[in-house]
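Take a look at the structure set out below.
The values are calculated or read from the model by the stated rules, or taken from the named source; none is laboratory data. Only a predicted model underlies this, so the values are computations on that prediction, with no experimental measurement involved. Methodologically, a virtual Cβ is constructed for each residue, glycine included, from the backbone with ideal geometry; neighbour enumeration extends over all protein chains shown.
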Amino acid sequence: MILNCVAIDDEPLALDLISKFIEQTSFLNLIGKFTNGVEALGFINQNEVQLIFMDIQMPDLSGMELARVLDGKKNSDKTRIIFATAYHQFAIEGYKVEALDYLLKPYSYEEFLNAATKAFSYFERLNASNTPQIKSNDSSSTPEYIFLKVEYQLVKVMLKDIACVEAYKDYVKVHLISKPNPLLSLTSLKNMEELLPAHQFMRVHRSFIVALDHIDSVSKNVIQVGNHSIAVGDNYKDSFLEFLGKWMN
């Protein structure tokens, strides 16, 4: 799947940078770039655009105003926004218009790619939910895989192959059933929690997410997933006990 993208920023250098990042990302397709929100809106209304990367503070029509206009349109879920701005105080307001993510300038390509990957996963889920299924079940809209940035490449990871995810400094270790060594990806456990389907994965500790289908046993407050013994953190006990009650019925 390729996402058609538009970049909007009134600063030429910032526009060139985000355009470059889009062009070097294999699942993104840059179809327009603009220094003016009004011109961008006209283009978006006439073209199929899935993803918009834009600044917030711009003349004539600000990024936040443009987001509100788009949010009021029919099928607004098919065009999503990632804000890129130098002003962190707009973060809360950005989430009010349901922006997919928020890049704080100056940002690296790794930070950009994390946000883009989140968008890719969103549209994977959206497409799956709109595609007729031969067999109908509760998980029919769940994607089968995600993409992770591992070193200098995107790696396709099947969800059913993930045993657990472990926080490791500025990275996460993704422990797989099929491989003895984990994948090391430059992202956060919070981002992974948002990417992974909630009915298949659960955060049970500040440093661990587990695949519910791969839990081998539970003893007191310790979960056994393959060779990993994971303690359930105090902040996660209630949700895990609720799951465990359903599991035991």
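Please note which strands (runs of 3 or more DSSP E) are completely contained in segment 208-248 and include at least 1 residues that are assigned by TED's automatic domain parsing to the domain that holds S178 and at positive phi.
On the way: elements: 208-211, 217-219, 222-225, 228-231.
Because the criterion is at least 1 residues that are assigned by TED's automatic domain parsing to the domain that holds S178 and at positive phi, no strands (runs of 3 or more DSSP E) in segment 208-248 meet it.
Here F21 fulfils each of the conditions (1) part of a strand (DSSP E or B); (2) buried (at least 18 other Cβ atoms within 10 Å of the Cβ); (3) not β-branched (V, I, T) apart from (1). For segment 74-105, the set of residues classified as in a loop (DSSP other than H, G, I, E, B) and either modelled with pLDDT of 90 or more or in contact with a Ser or Thr (Cβ under 6 Å, 6 or more places away or on another chain) (or both) is empty.
Look at segment 158-191 and say how many of its residues are aliphatic (A, V, I, L, M) and modelled with pLDDT under 90.
First, pick out the residues of segment 158-191 that are aliphatic (A, V, I, L, M): 158-159, 162-163, 165, 167, 172, 174, 176-177, 183-184, 186, 189.
With the extra rule that they be modelled with pLDDT under 90, the set shrinks to 186, 189.
Going through segment 158-191 one residue at a time, the tally reaches 2.
Going residue by residue through segment 151-162, is there one that turns out to be part of a loop (DSSP other than H, G, I, E, B), within 30 Å of S108 (Cα to Cα) and among the polar types (S, T, N, Q)?
Residues of segment 151-162 part of a loop (DSSP other than H, G, I, E, B): 151-152.
From the residues that got through so far, the ones that are within 30 Å of S108 (Cα to Cα) too are 151-152.
Of the ones still in play, those that are also among the polar types (S, T, N, Q) are none.
Scanning segment 151-162, I find no residue that is part of a loop (DSSP other than H, G, I, E, B), within 30 Å of S108 (Cα to Cα) and among the polar types (S, T, N, Q), so the answer is no.
Pairs meeting the criteria (first residue in segment 134-155 and not assigned by TED's automatic domain parsing to the domain that holds N191 and among the polar types (S, T, N, Q), second residue buried (at least 17 other Cβ atoms within 10 Å of the Cβ) and at pLDDT 70 or above, beta carbons under 9 Å, at least 6 apart or on different chains) are T142/L159.
Tell me, yes or no, whether segment 177-187 has at least one residue that is assigned to a helix (DSSP H, G or I) and either small (G, A, S) or within 18 Å of S229 (Cα to Cα) (or both). Checked segment 177-187: no residue is assigned to a helix (DSSP H, G or I) and either small (G, A, S) or within 18 Å of S229 (Cα to Cα) (or both).
Number of residues in segment 181-204 that are crowded, with 21+ Cβ neighbours inside 10 Å and of a type outside the set (A, V, I, L, M): the value is 4.
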